[in-house]
Amino acid sequence: MITGITEPSQPSLQVADVTVKFGGLLALDNVTVDVPTPYLVGLIGPNGAGKTTLINAITGVAKPSSGHVVIDGKDVTGKAPSQIAHMGVARTFQLPQAFGHFTVVETMMLGAHMMLKYPWFAGVLPFGWARREEARVLEKVEEVIDFLELERYRDKVVRTLPYGVQKLVDLGRALVPNPQVLLLDEPSTGLTREEKENMARFLLRLRYERHLAMLWIEHDLELITDLADRLVALCFGQVIAVGEPKEVMRTPEVVSAYVGAAS
Amino acid sequence: MAIAALVAAAIVPFVFDTYYLSLLNLVFIACIGAIGINITTGYAGQVNLGQAGFLLVGEFVAGAIAIHIGAIWANFWIAAPAAMIAGAAVGVIVGWPALRVRGLYVTLATLAAFFVIQYLGLRYIEYLQQTLKTGIDIKLSALDLLFMTVSSERSWYYLLLSVTVVVIVAATGLAHTKAGRAWQALREHELMTEVMGIDVAHYKLIAFAVGASLASLAGMLFGFYHHSVNPEAFTVEVSVQYLAMIIIGGMGSIAGAVLGAAFVVLIPYGLEWVLDTFNAPSQFLIYFSAVRLGVFAFLMLIFLLLEPEGLIGLWERIRRFFVLWPFRFQPLEEKRR
């Protein structure tokens, strides 16, 4: 159980006793995680611990067999992924190359899909409703491009860009529709030290300037211990430690999960 | 540039004779159908082997309007929306299985749908021949516009040119707005697309509906152009040809679909011309259809192996060569705008 958050009143994202089974495999076993609004919550754990499954359960991709996912006070358990996205939940992907054939601007416009209110067929006309909406949303997209300092890559095709930039573009894509809850699936994996620091800088700005609730899966323990407000450690689908990052890192269960001490 | 192209297109009928005009008319009809399948397959990634069935739907709409309702209603302004609505409806029904299954199974479903439509079509023709005594050939009246009847090759040229231009503009518009982006995204990764708040099922059905309605429009025009309803003209081979158009032209590109349609339609005539010019011995002409299919298959292989982005990819490469000349790559300075 998770206790001990005092600062924010209502957690934006509550995962309460969620269990996810894949056949006979218990991927998540009664996992409870709270992500309050301006908090950066780190999610750590060895491979196969269920970190990505937890994000999938929150976004509706994996259906929990029991438990609840509550976003902003509303129970979204069992809803379709696209509906949950409309509730203000965005996520980045471990491998951002899937939409690599788009340019940076196009990728972000794709992320802005939910903000475009015109019916799809209005797009056939080269003027009018659809074009006005696109222009309006493009302004927001430009803001995100400015924020992430991606101007020089604006019209480049994403798959031709360095991996670190691709990760930033993916983050931008998730940011465009103004989410309240941001789920980051290993945003710094595969980046150089310099790129990692750059990414961390943006994530901290998001926490302090945009007051997002963020759940951040990270394998770089040093990085996440420095930056996160709280840490949640998962192992074999169970929460083994929660709380202050430095304390969590000292917990015997976490140490043994990572170092593999004889139990 | 676009205006210059349109002016050039407008004076074409005064320069070329009817034989070339009829070829261009066939290219235009193929363009409309190819842009349609390019949306279903090229953009949304649902490989469709039933395009001939959707074309057939349009031809039946043409037949139904001209035969049952009366020739007076054989008006473009009625037939075009009717064909497009019927095509879209059939497209949604055929696309329905794609919500449950993926990849090859979708393709099989479209192929199965084609055989169902063809079967229904043949029964309908039988019914017409027996009850209405229309004879073996079912003749259609000429297509009417509000102010004129489209009968000469030249008037068909202008009508088909206009329809094709409208379809190109509309399809380009769709491709560059939210539907086009959603289609390309779901082609690459359905789950990721869904997580971005895009209703994948909805956009898959739209892709089928739009693709089929354009095919149906092409089929309607084809029927009136040939003055007949003839389901035997639409075989599986036609479906494969449409798929070939976008593979050769370049998947996921409107310009590619246009180039591919022109290429696939004109190749047999081009071969004929080559054989004629070089006075090929007569046995070549006897084996001509076999040669044609062989060349066709060979070209498709070449494109799949050497230029997967199709003619449009080839064109891009040639363009880049001249724009960048004498360099091979973009100079670094320009990159840092």
(request) Quick one: B:L271 ticks every box in (1) in contact with a Leu (Cβ under 9 Å, 6 or more places away or on another chain); (2) farther than 30 Å from B:L174 by Cβ except a single one, so which number is it? (result) (1)
(message) Please verify whether B:F76 is modelled with pLDDT under 90 and either within 21 Å of the chain's Cα centre (by Cα) or of a type outside the set (A, V, I, L, M) (or both), treating the condition exactly as stated.
(response) yes
(request) Return yes when B:V229 is out of contact with any strand residue (DSSP E or B) (no Cβ under 6 Å at 6 or more places or on another chain), within 14 Å of another protein chain (Cβ to nearest Cβ) and either under 26 Å from B:V258 (Cβ atoms) or of a type in the set (A, V, I, L, M) (or both) and no when it is not. (result) no
(request) Would you be able to say whether some residue in region B:191-211 is buried (at least 23 other Cβ atoms within 10 Å of the Cβ), within 13 Å of the chain's Cα centre (by Cα) and either over 18 Å from A:T107 (Cβ atoms) or not aromatic (F, W, Y) (or both)? (result) yes
(request) Considering only region B:242-297, state which residues are under 12 Å from the mean Cα position of the chain (by Cα) and over 29 Å from A:H101 (Cα atoms). (result) B:V265
(message) Quick test for you: out of B:A212, B:A179, pick the one residue that is assigned to a helix (DSSP H, G or I), within 10 Å of another protein chain (Cβ to nearest Cβ) and either free of Cβ contacts under 8 Å to residues at least 12 places away in the same chain or not hydroxyl-bearing (S, T, Y) (or both).
(response) B:A179
(message) Going through B:V238, B:V166 one at a time, which residue ends up being under 22 Å from the mean Cα position of the chain (by Cα), within 24 Å of B:V27 (Cβ to Cβ) and without any contact (Cβ under 8 Å) to a residue 60 or more places away in the chain?
(response) B:V166
(request) Have a look at B:L104, B:L120 and point out the one that is exposed (fewer than 14 other Cβ atoms within 10 Å of the Cβ) and not charged (D, E, K, R). (result) B:L104
(request) Would you mind telling me which numbered condition in (1) surrounded by fewer than 19 Cβ atoms within 10 Å (Cβ to Cβ); (2) in contact (Cβ under 8 Å) with a residue 12 or more places away in the chain; (3) outside any loop (DSSP other than H, G, I, E, B) A:R131 fails? (result) (2)
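Just to be sure before I move on: is A:G45 over 20 Å from A:R207 (Cβ atoms) and away from chain B (no Cβ under 14 Å) in the structure I sent?
In short, yes.
Applying the selection to region A:94-109, what residues are within 18 Å of the chain's Cα centre (by Cα) and either of a type in the set (S, T, N, Q) or buried (at least 23 other Cβ atoms within 10 Å of the Cβ) (or both)?
Listed by number, the residues that qualify are A:Q94, A:P96, A:Q97, A:F99, A:T107, A:M108.
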(request) Select from region A:57-116 the residues that are in contact with a helix residue (DSSP H, G or I) (Cβ under 6 Å, 6 or more places away or on another chain), closer than 21 Å to A:Q14 by Cβ and more than 11 Å from every other protein chain (Cβ to nearest Cβ) and list them in ascending order. (result) A:P64, A:V69, A:V76
(message) Within region B:130-147, does at least one residue satisfy the condition of being assigned to a helix (DSSP H, G or I), in contact (Cβ under 8 Å) with a residue 40 or more places away in the chain and out of contact with any Asp or Glu (no Cβ under 8 Å at 6 or more places or on another chain)?
(response) no
(message) Which of the numbered conditions does A:P126 fail, given that it passes all the others? Conditions: (1) in contact (Cβ under 8 Å) with a residue 12 or more places away in the chain; (2) assigned to a loop (DSSP other than H, G, I, E, B).
(response) (1)
(request) Test A:G123 against the criterion of being in contact with a Lys or Arg (Cβ under 6 Å, 6 or more places away or on another chain), modelled with pLDDT of 90 or more and surrounded by 23 or more Cβ atoms within 10 Å (Cβ to Cβ), and give yes or no. (result) no
(message) Regarding region A:139-149, can at least one residue be identified that is more than 10 Å from chain B (Cβ to nearest Cβ), over 24 Å from A:A213 (Cβ atoms) and either buried (at least 18 other Cβ atoms within 10 Å of the Cβ) or of a type in the set (G, A, S) (or both)?
(response) no
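The values are calculated or read from the model by the stated rules, or taken from the named source; none is laboratory data. Computed from a predicted structure; not experimentally measured. A quick note on method: Cβ atoms are made from the backbone with ideal geometry, for glycine too, and the neighbour counts reach across all protein chains shown.
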